[in-house]
Every structure is written in structure tokens, then in C-alpha cells.
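Q: Encoded as C-alpha cells, here's the structure I'll be asking about.
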Amino acid sequence: MRLRDSESDSRFRKEVRAWLAGAVSDLGPAPADVDDWAARRAYDRRWQSRLQDAGFAGIDWPRAYGGRGATPTEHLIFLEESAAAGAPDLGVFFVSQLHAGPTLIAEGTERQRAFHLPKILAGESVWCQGFSEPGAGSDLAGLRTRAVRDGDEYVITGSKIWTSFAFVADYCELLVRTDPAAPRHRGISWLIMPMDAPGIDVRPLRTIEGESEFAEMYLDEVRVPAENLVGAENDGWRVAMVTFSFERGTAFVRELLDAMSLARGLAAIARRVPRGTATAWDDPGIRRDIGTVAAELDALWALTKRNVSRAEGDGTDGGGPVPVAGGSAFKLSYAEALHHLGEVTMRVLDRYAISLDDLAGAVDLPLGRHLQGQLHAFAISIAAGTSQIQRNILAERVLGLPKER
Amino acid sequence: MRLELDDDQRALQASVRALCAEHFPLERTRTWTDRDSFDRRAWRTLAELGTFVMTRSADEGGAELATVDAGLVYQVLGAELVPGPLVAAALASDLIDEVGTGQLLATVVERPADGQPAVLRHLGLVDVVLVLDAAGIWRVEPADVDARPVTSPLDPTTPVWLATRLPQGERVGDAALAARWRQRGDVLTSALLAGIAVKVIEVAVAYAAQREQFGRVIGGFQAVKHLLADGFARAEVARAAVDAAAVTIDEPGGGPDGTAAARAVAGARVVAARAAVANSKTAIQVHGGMGFTWEATPHLYLKRAWLEENVFTTPDEAAELVARTLTAGEAA
């Protein structure tokens, strides 16, 4: 085992670092208003164009589909250097880049790929995820949104929820029930739904973080061409699992690196938060708490490297998905560590834990992102398979214990 | 970067596991509580595999393996609850060849601050005591240590002694070697703990998969499954951290003075100690009433974990070390 870069990885890192330094320097700040979707989209697109011009768009996608064909290790290096340089993350392109693109590469038709992949790579299309429903959260296979075939179209009626980026999305990856008579998992299909189709009503849902990234989406006899089916009709559950396999890979790497930066920031804040006649940092209990949570995050960085090494296999096949054991162990442990970081944050800030913005004036503390992070921990322990679902996955698929039903 | 075991490393672990199954089965080792009961022949068999000299050069009888390989082997030794001064053997073999070959046993102890008692493990068993302090490493004869045995040791398979003071002894290593021993001692101890964290969940899963209540195996209940899944995740995180720490100290800048290595080693210490203790508790809980009995094995893992977590750098000290690396470069 080794942690240092190989010669070629080292060259790649230097190349990425040099490019990022220039590309980030004149990008300008991200839009201040998180609910200004037009501005967010424009900002993220500007960055995506730069990525594409430099050959970093679709970094882990195969070359045949316009990607760079980077190894999992190179992908990790790219994410690490991007975090260090303060480069934007995927932003509004999260679903298009991490879900839709890889799913179309794996399961789409040549026509679907030829149409969508270039738009995704160029940052011209934004996708949203239409999987969860009010009655189908953790029990996703219980989804009820119906798609009825009518000639060469599907007519879709139902409702979706937690539809991130729905306000700016051009397309939706939509799970629908196409055979209500079949067993739950065998009557589902995966469809590409253009968001400008008549009959789509999107309503904002404000999250506990204060943003309106979420939406509810009501579908009233929305017509979608049958050729928008990805995979076979009624084979959508399997396609959805393919989609998830990408999400549970390196989707949280940037998040983790940002959390490690939060832990460093928290240590700096602790030295400024007044406590008695000294500072919070002078309390050994506080130092140990900060050190413990930093150790947890460091350990997750090690697990990330292990997962990436596993995905890389023996290095001959360009890499595969992160195995379930490592992916779910990471997701579960990362959620726990983030909640722990949140608890330590509250203890450090103590009576100054009062604002989701930075404090200025009498008490000058850059605490905004720290308290936001404390709330964001719930996104990690609930989204993309709750911690309870991750525990079921580990217990049943890895430890071999009996299935729930 | 590559942080996954290769086929050679898996084979190395398998051969150590097989040797342990033959020579250190738990039903026997749990009675090796003193000099008379401790099986020195089994110990020598373990030594002859090269267990204690893996990282030494071929000239010195070693296998020229990396610290991470030693860590992988020590994860197996932890998992199999092998008794005896394992970490001390790997350190002391730097100075005393007969410790590496298993002919002599050694214990390593940090010299406490003036007036504080020293805790010596395996004192009645060993042929040499090596004392670490700021000035270096000091050799002391066991007979010269004024110590009394702890009559009811927390870990029944690790006898311990309390000494009111340690003789100065003969200086056999410099301060730099002492610092490297502390670092390797931390990594190998963390490896033992990570091994416990992994194994004890395997033991509990096997029990949960066959123990029936309410007409079904208890491993089918979410309340039990989730305990075990948490344990599995903790163990995965811990062994990744331990392997990464071991790799870090072998790479350039990985000496005891390097910040990255200090942080990785201390962080692994924190995570591995917690995983071993938490997972052992999980295993006792999953075993229910059986887990509360002396005859069942889970309590042995917990007690070993409790003992090992406080050898070399304690989790509290390690957490503090990690915290200090976060603000390195800023004024104290």
C-alpha cells in the first residue's frame, strides 16, 4: 500500500493544480442569494465551460462519450485539488453529472446518449431527480406515479417530492409505475421527462437550512415520448440501482473535504470564542472533542482512498463502482461524523451559537457555515438512503443477516 | 495512491490466522494467566514465522516488509486475542535478537513522572524490561523492579504489575529510537485494536445468525441488525485509518517529527480504540445473557480493548495531538 502519488498521478496533480489556480482566480464569487436560481445556474455553467475547455468535464466518463476517462485515483486527485483551490462543486449539475450522465452511458440508447451527453458535459442541461414520492421515501419501490402508454407516448400522473433543482431543470430522471399489476419492483420504468412538457407544476419546499433547493412536483397527464424510456419497460428498478451505484461512489468526496476544512476552521474559531477569562481552546475537553472529530474525518478520508482503490481494481479495466460494503460504511459513518462535528460546533460556540450568518461587531466570528453545516448533517443522514437504510444494506447484503421481508 | 490489501498481504494475514488457530486457540489462551501457564513454545512458533522482525532487514533476520504489513499481521493477532507482549516484542527485537526469535520475552514501559507508579504488563513472564524516557531507552532486569502483581487484572489474559519506581537501568537506545518506538508502538497497538473491532463483530454476527427468539433468528430484527451494521462500519473506518497511518510513517517525512505522520498515527489511535471498545460492547449486548457470562468470549475482547487503548498514547492524549495539528503554524 502507498499513499503518495505514482509518477503519472503526480504529473496529473500538478497539471490540475496549475490549471485550477488560474481558472479559479478570475471566476468571481458564487451568487450571494442561494435562491437566485438563474444566477446559480449561470455561475455553475461558467465553471462547467471552463472544465470542458480544459478537458476536465466528465472527468471519470469514458472517452467514447466525451469524458476524460480518468482513473478513479485521478478523479479523487481532481476532487482533492478542487477543494483545496476553493473551486466550485457540481452545483446545479449534481443530478446531470452524477446520476443522469452515468446512467445513460450504462443503460441509455445510442440516440439518448448522442443527444444528452454533450449537453450535460457542456453544462447546457440541468437535470433533477424524480424518484421519491410523498408515499415512497425509504420504501422507494412503493412509488405510485403512473405512466400509461398511449401510442408512442407515456401519459404520466402523480407527484414527486425532494426534487432538487426542479426550478432550473431541463430534464427529470423520472421513476414511474408502468405495470401496476406486477410485483412492486417489476412494474417500474426509468424515463427522461423534459421539464417544459405541459402538466408539470413545481412548488418550492424550504429546507431547515433556509434554502429552497427542494421542490414538490405535481404531474397531471404529462406526455413523454416512449423513446425516452431508459432500459426496458418495467426494468426501471434495476436501472435506478445503477443510478444509485454512481451516487454512492465518490459523490461525497468533496463534501468530506469541505467538512475537514470546517474542522480546521472550528479549531481557529475556538481560539477566538471567549470562555471565562480565556478562550474555548483553553478548555482541554474542547480540544479533545475537536481532535476526536477531526480524527473521525481523517479516518473517513482513509476509507475514501480505500474505496477508490477498490473501485480501481487491478487498474486494467478503468475501474468500476465502489463496492456496497465500502460505500454504505462510508455514507453511514460520514453522516455520524458530521452530526458529531455539529455537536462539537455547538459546544465550541456555546452562547454565541446564534446565527446562520457570520457574526460581526462586538463578537467577530465566521461561524455561519459552521452552523449551516450542523443542519446539513441531516441532509447526509437522510438523503440518498437514510442511515437506517444504509444499516439494513450493510446487515443484509454484507453481513448476510436475514432480509426485512 | 493505493490503500487496499494486495494478494500477498491477504495471504500473509491468512497464514498468521492459521497459525493462531493451531497454536493460540482462545479456549486455551484464556487460561495462560501466568509464567507457568503461558505456552512459550507457541510463542516461539509465532516468532519463527518472523512476526516480530517483519520490518527488519534480511541481514538482521527480517523480511524487509513495510510497517503496514506488520500492522496487518497485528490486526490478526488482535482479532485472535493472542496473549503475551506482542508489541514489545516487535520493538525490542530492534535491540535484542533473542526477542525477535522468541527465545526471550520483553516488556516496554514509559518511565512515569517522578513519584508516579509504573504499570508493567507481563512482568512475571519477561526476561527483560525496556524503559522509555526523554533520554532514550533503558534496559532493566525484571528482578530489579520492585513491583507487586495486580491480583485481579481487568484483562484476565494480560497480567499486570504496579511498580513504585523503576531503576535507571543501562542505556541501550537513544532518544530518537525511543521516539520511533512510541510511534510504531502506537501503530501496532492500534492495529491490535482494529483487529478486535473487526473480529468481535464477526463473532456477534455468527451468534445473531443462529440464536432464535420469538421464532426467528435475532439477526433478523432491525434493532440487532443496526447494532451490527454500526459495528461493521466502525471497524471498516478503523482499519482504513490504521493502514493509512502505517503507510504514512513509512513514506518520506513520516518520522516521529513529521506533522502528517503524527496526525495520522494519533487519529488512528482515537478511532481504533473507540471502535474496539464500542464493538466489543455491541458483541456482549448481542449475545444477551450469554454475553454476560465468563465462559462466553465477548468480554475477553472488551477487556483486552480496554487495556490496549491506554498503552503508549491514550485516546485522550491522541485527540489532543490531532487537535494541535489543526492549528499548527498559528501562535500557541
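Q: May I ask for the Rg/Rh ratio of the protein assembly as shown, computed from Cα atoms with Rh as the Kirkwood radius, given to two decimals?
A: 1.01
Q: Let me ask something additional. Under a Cβ-Cβ cut-off of 14 Å, what is the net charge of the residues other than A:Pro180 that fall near it, where Lys and Arg count +1 and Asp and Glu count -1?
A: Values: positive: A:Arg144, A:Arg146, A:Arg149, A:Arg177, A:Arg184, A:Arg186; negative: A:Asp179, A:Glu233.
For residues surrounding A:Pro180, the net value is +4.
Q: Can I ask one more? For peptide A:278-287, what's the mean number of Cβ atoms from other chains within 10 Å of each residue's Cβ?
A: Mean inter-chain Cβ contacts per residue within 10 Å come to 2.
Q: Something else now. I want to check the label-to-label distance for A:Asp358 and B:Phe292. Put each point 7 Å from Cα in the C-beta direction and report it in nm to one decimal.
A: Reported label-point gap for A:Asp358 and B:Phe292 is 5.6 nm.
Q: Taking the alpha carbon gyration tensor of the range A:127-233, what are the square roots of 5 times its eigenvalues, largest first, to the nearest whole Å?
A: Value: 23, 16, 10 Å, ordered largest first.
Q: Among the DSSP beta bridges whose two residues both lie in chain B, what percent are antiparallel, rounded to the nearest 5?
A: Around 80 percent of the beta bridges assigned by DSSP in chain B are antiparallel ones.
Q: Take every DSSP beta bridge with both residues inside chain A and express the antiparallel ones as a percent of the total, to the nearest 5.
A: 85
Q: Ok, one more. In nm, give the distance between the simple-model label positions of B:Ala21 and A:Lys403, each being 7 Å from the Cα along the Cα-to-Cβ direction.
A: 3.1
Q: Also, quick follow-up: Mind listing the Cα extents of the range A:248-398 along all three principal axes, in Å, largest one first?
A: Over the range A:248-398, Cα extents along the principal axes are 58, 28, 25 Å.
Q: Quote the relative contact order of the range B:135-179 in percent (integer), defining contacts as alpha-carbon pairs under 8 Å separated by 6+ residues. Display every interim value, and only then the final one.
A: Details: 58 pairs, mean separation 25.8, N = 45.
Computed value for the range B:135-179: 57 percent relative contact order.
Q: Also, I was wondering about something else. In bins 10 Å wide, starting from 0, what share of all Cα pairs of the range B:37-109 does each bin hold, as a percent?
A: Pairs per bin, as whole percents: 21, 58, 20, 1.
Q: Report the relative contact order of the range B:1-132, percent, no decimals, based on alpha-carbon pairs under 8 angstrom and at least 6 residues apart.
A: Reported relative contact order: 22 percent.
Q: Which value in nm describes the separation of the simple spin-label points at B:Leu162 and A:Asp5, placed 7 Å from the Cα toward the beta carbon?
A: 5.5
Q: For chain B, what is the per residue volume of the convex hull drawn over the alpha-carbon atoms, in cubic angstrom?
A: Expressed per residue, the convex hull around the Cα atoms of chain B is 149 Å³.
Q: If one computes the Cα centroid of the range A:223-263 and of the range B:180-258, what distance in Å separates the two points?
A: Using only Cα atoms, the two centres lie 29 Å from each other.
Q: Ok, one more. What ranking, highest mean first, results for peptides B:267-273, A:80-86 when packing means the other Cβ atoms within 10 Å averaged over each residue?
A: B:267-273, A:80-86
Q: At a 10 Å Cβ-Cβ cut-off, how would you order A:His376, A:His99, fewest neighbours first?
A: Numbers: A:His376 19, A:His99 22.
Fewest-to-most ranking of A:His376, A:His99: A:His376, A:His99.
Q: Which ordering of B:Ser57, A:Ser355, A:Ser328, B:Ser152 is given by a fewest-first count of other beta-carbon atoms within 10 Å? Walk me through the numbers on the way to the answer.
A: Values: B:Ser57 10, A:Ser355 14, A:Ser328 27, B:Ser152 6.
Final ranking by Cβ density, sparse to dense: B:Ser152, B:Ser57, A:Ser355, A:Ser328.
Q: Based on the Cβ-Cβ distance of A:Glu153 and A:Arg271, what FRET efficiency does E = 1/(1 + (r/R0)^6) give at R0 = 60 Å, to the nearest 0.05?
A: Computed FRET efficiency for A:Glu153 and A:Arg271: 0.45.
Q: Let me ask something else. Round to the nearest 0.05 the FRET efficiency obtained for B:Arg171 and A:Gln388 when R0 = 51 Å and r is the Cβ-Cβ distance. Present the calculation step by step, with values, prior to reporting the outcome.
A: On the way: r = 58 Å, r/R0 = 1.13.
Step by step, r from the Cβ atoms, then E = 0.35.
Q: Assuming a viscosity of 1.002 mPa s and a temperature of 20 °C, what translational diffusion coefficient in µm² per second does Stokes-Einstein assign to the range B:176-326, Rh being the Kirkwood radius over Cα pairs?
A: Estimated diffusion coefficient is 134 µm²/s.
Q: Exposure proxy check: B:Arg184, B:Arg30, A:Arg206, B:Arg56 ranked by fewest other beta carbons within 10 Å?
A: Taking fewest neighbouring Cβ atoms as first place, the list is A:Arg206, B:Arg30, B:Arg56, B:Arg184.
Q: What fraction of the DSSP beta bridges in the protein assembly as shown is antiparallel, stated in percent and rounded to the nearest 5?
A: 85
Q: Here is a follow-up. So how far, in whole Å, is the C-alpha centre of the range B:267-332 from the one of the range A:1-29?
A: 37
Q: Volume per residue, Å³, of the convex hull around the alpha-carbon atoms of the range A:7-89?
A: 95
Q: Right, another one. For a Förster distance of 45 Å, can you work out the FRET efficiency between the beta-carbons of A:Phe115 and A:Phe378, rounded to the nearest 0.05?
A: Between A:Phe115 and A:Phe378 the formula returns 0.75.
Q: How are the C-alpha pair distances of chain A spread across 10 Å bins, as whole percents from the shortest bin up?
A: Pair shares across the bins are 4, 20, 30, 27, 13, 4, 1, 0.
Q: Can I ask one more? Along each principal axis of its Cα atoms, how long is the range A:73-204 end to end? Whole angstroms, biggest number first, please.
A: In descending order, the Cα extents are 51, 32, 29 Å.
Q: Summarise the partner chain shielding of B:220-232 as one whole number: the mean count of Cβ atoms from other chains within 10 Å of each residue's Cβ.
A: Values: counts 6, 3, 6, 0, 2, 10, 8, 2, 6, 15, 9, 2, 9.
Average neighbour count from other chains, rounded to a whole number: 6.
Every number here is computed from the coordinates shown, using simple stated rules; none is lab data. All figures in this text were calculated on a predicted structure; none of them were measured in a lab. With ideal geometry, Cβ positions are generated from the backbone for all residues, glycine too; neighbour counts draw on all protein chains shown.
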